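The values are calculated or read from the model by the stated rules, or taken from the named source; none is laboratory data. As the structure is a prediction and not an experimental result, all values here were calculated from the model. When we count neighbours, we look across all protein chains shown, and the Cβ atoms used for this are built from the backbone with ideal geometry, even at glycine.
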Amino acid sequence: MRNLFSKTVLAAVLAVGCSASVLAASNNTVATVNGMAIPQARAEAMMRQLTSQGQPDTAEVRAMVRDELIMTELLRQQATKKGLDKTAEYKAELEGLSARLLANMYVRNWVRTNPIGEAELRTRYERLKAQMAQKEYHPRHILVATEAEAVALLEDLKKGKRFDELAKAKSLDAGSKEKGGDLGWMMPNVLDQAFAAAMMKLERGQITATPVKSQFGWHIIQLGDVRDTEFPPLEGIRAQLTQQIQNERLQGHLNQLKQTAKVN
């Protein structure tokens, strides 16, 4: 837990803390260090940053924040005694930190004042659902090395031999042969193109009339079943979808600012 705070966070705290003033201990302070008060607001700002990064808001984390702020104030005081706050290096870094802080505050304010409406969210959801609408297939197959072997298998099937028994005896696919060639539920886009194209033409229970050649060899394919894919409900992806729309809108706003700015 001692490594909870990154250098970036510490830098931000130093930037905020560089102009600390003497406050009475009763004015909602976290602690007082050599007569210099640390405002509670600074601790809350750090907690907001940490929770946005996934840290829990617990008593332990808050104690860590307090310890970090105290150490930061001690270091700030020591730096001031040495006159480091008067150096050009400090002023340049402070200017950069101030610019980034204001930029981040602007972004947060823009997101807060441009919320995603329910209608926009549902429109995006329905569009995404339509785009993702696909079918899953449950095929079996027998994989052999040559077309002649595949043709012979088709003849055996026509004579009444069981597909699963032939798969166990003849298939080169070690992952499915012991299951009678069963590949489980599959999306076509994860299969070899030729295999997928032949499979999707089949009716339930039907077997390919001719061998199918793929990058792996020759296949005899049987389609067991087909079903529509399940798409998660809106509430299951509301947060992710809202974030996606916010990011897109924010990027559009930033691009517009850049396009209208005079940059030499």
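For this structure, a couple of remarks:
- Among the residues of region 71-85, some residue qualifies, meaning at least one is outside the structural domain of GLN246 (by TED's automatic domain parsing), part of a helix (DSSP H, G or I) and surrounded by fewer than 10 Cβ atoms within 10 Å (Cβ to Cβ).
- Qualifying positions in region 157-175 - acidic (Asp, Glu) and either within 40 Å of the chain's Cα centre (by Cα) or more than 22 Å from PHE216 (Cα to Cα) (or both): ASP173
- Among the residues of region 116-151, those that are over 22 Å from the mean Cα position of the chain (by Cα), in a helix (DSSP H, G or I) and either among the acidic types (Asp, Glu) or crowded, with 16+ Cβ neighbours inside 10 Å (or both) comprise GLU118, GLU147, GLU149, ALA150.
- Every condition in (1) farther than 30 Å from TRP110 by Cβ; (2) in contact with a helix residue (DSSP H, G or I) (Cβ under 6 Å, 6 or more places away or on another chain); (3) in contact (Cβ under 8 Å) with a residue 24 or more places away in the chain holds for VAL226 except the one numbered (2).
- Complete set of residues in region 227-264 that are within 28 Å of THR123 (Cα to Cα) and outside any helix (DSSP H, G or I): ARG227, ASP228, THR229, GLU230, PHE231, PRO232, PRO233
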